[in-house]
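Remarks on the structure that follows.
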Amino acid sequence: MARTISGRVITMACGALLICSGVIYAQGAGSETALTGVISDTMCGKAHMAKDKSPADCIRMCVKRGEKYALVVDAKLYTLQGHEADLDKYATQKVTVKGAVKGNIVSVVSVTPAK
C-alpha cells in the first residue's frame, strides 16, 4: 500500500511539473518582440518577380492573390499577421514591427517607420 501511495504522489508531482512548465513556456512564447526590416510578401521576399510593376505594386498584387505580407530581416523572412492596412501603407519601406513571434510568424501589434 505504501508503494501505491508513493507512486500516486510521484505521478501527481510529475503532472504538476508538466502543467507549470507549459504555462511558463506559453508566457514566454507570447512576449512582444521588436523586429526591424523591410516590408515585402511571402512569395517574393527580397526579389520581386513582377518586372513590369514597382516593388510596392508587386507586393500588393501578391497579397491580393493570397500571399501574406512579410518582413525581411537580413536573410530571414517573417510572415506577418494583422495590421494589413499599415503593412500595405509601408510596402517596401524599412519599418519596426512589434508583436508576438512564434517561429517565423509575427502576430503584429504595431508597425512604425524605422529610424
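Bear in mind that the values in this text are calculations on the coordinates, not laboratory data. Everything numeric in this text was worked out from a predicted model, so none of it was measured. Backbone-built Cβ (ideal geometry, glycine too); neighbour counts: all protein chains shown.
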**Study point:** Table column - 3J(HN,Hα) (Hz), the range 81-98, Karplus curve with 6.51, -1.76, 1.60, x for Gly and Pro
**Key:** 10, x, 6, 4, 4, 5, 5, 4, 4, 9, 3, 6, 9, 7, 9, 10, 10, 10
**Study point:** Kirkwood hydrodynamic radius over Cα pairs of the range 32-113, then Stokes diffusion coefficient at 37 °C and 0.692 mPa s, in µm²/s
**Key:** 269 µm²/s
Review point. Suppose every K and R has +1 on its Cβ and every D and E has -1 on its Cβ; what is the size of the dipole of the range 68-110 about the Cα centre, in Debye to the nearest 20?
Key: 120 debye
Check your understanding: Could you give the nm distance between label points at Ser31 and Asp52, where each point is 7 Å from its Cα heading toward the beta carbon?
Key -> 4.9 nm
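Where Lys and Arg each count +1 and Asp and Glu each count -1, what net charge lies around His48 among other residues with Cβ under 10 Å from its Cβ?
Summing Lys and Arg as +1 and Asp and Glu as -1 gives +1.
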Revision key, fill the gap. Taking 31-38, 67-74, 89-96 and ranking on average Cβ neighbours within 10 Å, highest first, one gets 67-74, 89-96, 31-38
